[in-house]
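Chemist: Following this message is one structure expressed as structure tokens.
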Amino acid sequence: SQEQKQIIEKQKELVEEKQKEIVDSIQYAKKIQRTLLAHDSFLEQELKDYFILYKPKDIVSGDFYWATKKENRFYLAVCDSTGHGVPGAFMSLLNASLLNEAIVEKGIVKPGDVFNYVRGKLISNMSAEAQKDGMDGVLICLDKSSGEISYSAANNKPLLITGKKVMELPGDKMPIGIGERKDDFATHNISYTKGDRLYLFTDGYADQFGGEKGKKFKHKQLEQLIAEIDHKSSHEKKEILNQTFENWRGSLEQVDDVCIVGLVL
């Protein structure tokens with residue numbers, strides 16, 4: 001009947017209106033999250049050559065890249081917070097603010113000590129059911145006065161390419177949050193030559209299903225791809241990584257947030 005039609009139309013309008021409100025508020029959350037990500041204008045002052053491939057699964061993301069400077073030390077973090085979408089984005093805001101608190105306010109210098117501090121804060125501030133929350137990631141520190149580069153990695157293995165040699169740098173097999181292990185995070189020094197390339201990434205790229213058989217891309221294949229394109233310009237590397245990801249994904253849904261940062265040391 002005409003009356004039923006009108007009721008259905010009205011309900012449809014209400015649902016569409018609500019949906020638009022939700023999307024608008026998530027778009028606003030994206031703006032907030034964007035302010036937390038390291039700005040190009042800041043990175044360009046500190047790094048001579050770099051690229052960032054950042055592909056959230058949803059409008060907002062659990063992956064984030066963040067940077068700050070304290071005295072002569074420049075810090076850059078590439079992290080994967082628990083979850084994606086809105087819950088992941090909330091976690092990423094909390095995680096970035098704790099990194100900031102550790103380095104800028106508390107003056108903690110070593111990346112491993114920064115991760116220890118953030119983990120302590122997360123564990124003490126979280127309710128029991130939220131304690132599986134936290135992040136994986138890598139934090140590097142470039143000491144501008146000594147030229148030294150140190151880093152700490154949680155469930156993450158950065159990649160260093162020196163000449164043609166590809167090295168997977170060691171990390172701690174535990175999250176920044178509650179895990180099986182309670183050890184301190186280690187701070188490692190990178191011995192490098194000027195012009196070496198360092199790649200920092202979350203697990204989203206390697207975990208993407210696709211290809212002919214709908215399989216995971218895998219970490220090994222990502223390493224090989226990076227080694228193959230390492231000699232190209234940063235702009236080209238970003239384009240190739242993006243294109244390869246999209247070709248691999250095909251019509252399948254993106255599994256997770258993706259973040260890869262490549263820099264020339």
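Chemist: Quick test of your reading of the structure: E236 fulfils all but one of (1) under 27 Å from L99 (Cα atoms); (2) in a helix (DSSP H, G or I); (3) charged (D, E, K, R); (4) free of Cβ contacts under 8 Å to residues at least 40 places away in the same chain. Name the failing condition by number.
Modeler: Every listed condition holds for E236 apart from (1).
Chemist: What pairs come up if the first residue lies in the range 246-261 and is under 25 Å from I161 (Cβ atoms), the second is among the acidic types (D, E) and in a strand (DSSP E or B), and their beta carbons are under 9 Å apart, counting only those six or more places apart or on different chains?
Modeler: As it stands, the answer is D256/D63; D256/D80; D257/D63; D257/D80; V258/D63; C259/D63; C259/D80, since those pairs meet every condition given.
Chemist: If you don't mind, another one. Among the candidates T244, T193, which residue alone is part of a helix (DSSP H, G or I) and of a type in the set (S, T, N, Q)?
Modeler: That would be T244, the only listed residue that is part of a helix (DSSP H, G or I) and of a type in the set (S, T, N, Q).
Chemist: Further question on the same structure: Counting just the residues of the range 31-61 that are in contact (Cβ under 8 Å) with a residue 24 or more places away in the chain, more than 15 Å from the chain's Cα centre (by Cα) and part of a helix (DSSP H, G or I), which one comes out nearest to E253 (Cα to Cα)?
Modeler: So, considering only residues that are in contact (Cβ under 8 Å) with a residue 24 or more places away in the chain, more than 15 Å from the chain's Cα centre (by Cα) and part of a helix (DSSP H, G or I), the one nearest to E253 (Cα to Cα) is I32.
Chemist: Looking only at residues in the range 239-252 that are of a type in the set (D, E, K, R) and out of contact with any Gly (no Cβ under 8 Å at 6 or more places or on another chain), which one is surrounded by the most Cβ atoms within 10 Å (Cβ to Cβ)?
Modeler: The extreme case among them is E239.
Chemist: Right, something else. Being part of a loop (DSSP other than H, G, I, E, B) and of a type in the set (A, V, I, L, M, F, W, C) is the requirement here; does A206 meet it?
Modeler: So A206 fits the description; yes.
Chemist: Since V166 meets every condition but one in (1) at pLDDT 95 or above; (2) crowded, with 19+ Cβ neighbours inside 10 Å, which condition does it not meet?
Modeler: The one condition V166 does not meet is (2).
Chemist: Just checking, how many residues over the range 70-85 are assigned to a loop (DSSP other than H, G, I, E, B) and either within 14 Å of the chain's Cα centre (by Cα) or outside the structural domain of K55 (by TED's automatic domain parsing) (or both)?
Modeler: Of the residues in that region, 3 qualify.
Chemist: Restricted to the range 191-215, and to residues that are within 15 Å of the chain's Cα centre (by Cα) and charged (D, E, K, R), which residue is surrounded by the fewest Cβ atoms within 10 Å (Cβ to Cβ)?
Modeler: The selected residue is D207.
Chemist: Next up: Exactly one of these conditions fails for I26: (1) in contact (Cβ under 8 Å) with a residue 12 or more places away in the chain; (2) under 23 Å from A67 (Cα atoms). Give me its number.
Modeler: The single condition I26 does not satisfy is (2).
Chemist: Another one. Limited to the range 64-82, what total is found for residues that are of a type outside the set (S, T, N, Q) and either in contact with a helix residue (DSSP H, G or I) (Cβ under 7 Å, 6 or more places away or on another chain) or surrounded by fewer than 17 Cβ atoms within 10 Å (Cβ to Cβ) (or both)?
Modeler: Of the residues in the range 64-82, 10 are of a type outside the set (S, T, N, Q) and either in contact with a helix residue (DSSP H, G or I) (Cβ under 7 Å, 6 or more places away or on another chain) or surrounded by fewer than 17 Cβ atoms within 10 Å (Cβ to Cβ) (or both).
The values are calculated or read from the model by the stated rules, or taken from the named source; none is laboratory data. Small disclaimer: the values here were computed from a predicted structure and weren't measured. Using ideal geometry, Cβ is built from the backbone for each residue, glycine included, and neighbour counts are taken over all protein chains shown.
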